[in-house]
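Read through the structure below, which is laid out as structure tokens, and then see the notes.
The values are calculated or read from the model by the stated rules, or taken from the named source; none is laboratory data. Computed from a predicted structure; not experimentally measured. Virtual Cβ from ideal backbone geometry, glycine too; neighbours counted across all protein chains shown. Only protein heavy atoms, including side chains, enter the accessible area calculation; ligands, DNA and RNA are left aside. Shrake-Rupley method; radii C 1.70, N 1.55, O 1.52, S 1.80 Å.
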Amino acid sequence: MCGRFTLRAPASVVAEQFGLFDTAPLSPRYNIAPSQTVAAVRRATESVEPARQLVLLQWGLVPSWAKDAKVGNRLINARAETVAEKPAFRAALRRRRCLVVADGFYEWQRTGGKKQPYFIRLADDRPFAFAGLWERWEGPDHAALETCTLITTEANELMAPIHDRMPVILSPDDYDRWLDPAIQKPEHLQPLLRPYPSDAMVAYPVTTHVNNPKNEDPRCIVPAA
């Protein structure tokens, strides 16, 4: 699974990486956790041209038919192998896909009775996109809530010693395909939900400072001694 990630890059770098015309300022985030707000890119529905827009979504998908928004606490990840069949995700996979913006993520390796946190990023440390799904939910008071989930897949060679799963990181060449609303058949999307190449990533152990989601500072990514 993927339960924490970072977005340290400024808005100008994110805009360049994702082909955005305009973005609101982004504060550096070192320990993004479920139920918090995340930055995501999706197709602008009000635009005739296939423009992209940056939006803020709550992490933890709440299906439109859910009776309670608390279900989102259990739906922070969707497995690539079953996302097309699960009732909570299958409609979003067809019609509401997004790019969740990040520049690193954490995973915990079990060693004996302890868990060692690792920080994983691209070798060039540029921002990247998790394959995401989003939904719009209305509560009893008709207030709208937009939420998202991250799709995970089997671990690559770099991640395998740390954890058996990893988030799907999309290649920039696949962004348009993932966001294209005309593509709705799962079999046309499944080839994108693969492990990212190990040789383009780095991973290193960090301290347990990151374990507390209230800790939101650069010490989260400092290598462990």
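Element breakdown for the chain at a 1.4 angstrom probe: carbon and sulfur atoms account for 51% of the accessible area. Cross-link partners of K67 among aspartates and glutamates, defined as those whose alpha carbon lies under 19 angstrom from its own and excluding same-chain residues fewer than eight positions apart: E135, E138, D141, E146. Counting only Cβ charges, +1 for Lys and Arg and -1 for Asp and Glu, the dipole size of the chain around its Cα centre is about 700 debye. All other residues whose Cβ lies under 9 angstrom from that of I221 are scored, Lys and Arg at +1 and Asp and Glu at -1, for a net of +3. Of the listed residues H209, H142, H188, the order by accessible area with a 1.4 Å probe, largest first, is H142, H188, H209.
Starting from the Cα gyration tensor of the range 1-118, take the square roots of the eigenvalues, sort them a ≥ b ≥ c, and report rounded, prolate or oblate (rounded when a/c is under 1.5, otherwise prolate if a/b is larger than b/c, else oblate). Verdict is oblate for the range 1-118. Within the shell of other residues whose beta carbon sits under 13 angstrom from the beta carbon of G72, the net charge comes to +1, with Lys and Arg scored +1 and Asp and Glu -1. Decide, for the range 75-115, between rounded, prolate and oblate: order the square roots of the alpha carbon gyration tensor eigenvalues as a ≥ b ≥ c, take rounded if a/c falls under 1.5, and otherwise choose prolate if a/b is larger than b/c, else oblate. Judged from the Cα gyration tensor, the range 75-115 comes out oblate (a/c at least 1.5, b/c at or above a/b). Once you order the gyration tensor axes a ≥ b ≥ c over the Cα atoms, which shape class does the chain get: rounded for a/c under 1.5, otherwise prolate or oblate by comparing a/b with b/c? The shape class here is rounded. The amide H of C98, built 1.01 Å from its N in the peptide plane, has G132, L133, W134 as neighbours under 5 Å, considering only residues 5 or more places off or on other chains. Computing FRET efficiency as 1/(1 + (r/R0)^6) for D180 and H142, where r is the C-beta to C-beta distance and R0 is 30 Å, gives about 0.45. Of L99, L54, the residue with the largest accessible area leads and the full order is L54, L99 (1.4 Å probe). Note on the chain: GNM, Cα springs under 10 Å; of I183, I120, I76, the largest mean-square fluctuation is that of I183. Here the chain carries DSSP beta bridges of which approximately 90% are antiparallel, counting only pairs with both residues inside. Under a 5 Å amide H cut-off, with hydrogens placed 1.01 Å from N, G104 pairs with T6 among residues at least 5 apart or on other chains. What residue among G104, G139, G112 has the largest mean-square fluctuation in a Gaussian network model of the chain, using Cα springs under 10 Å? Most flexible of the set in this elastic network: G112.
Candidate cross-link partners of K115 among the aspartates and glutamates, defined by an alpha-carbon separation under 19 Å and a same-chain spacing of 8 or more, comprise E107, D164.
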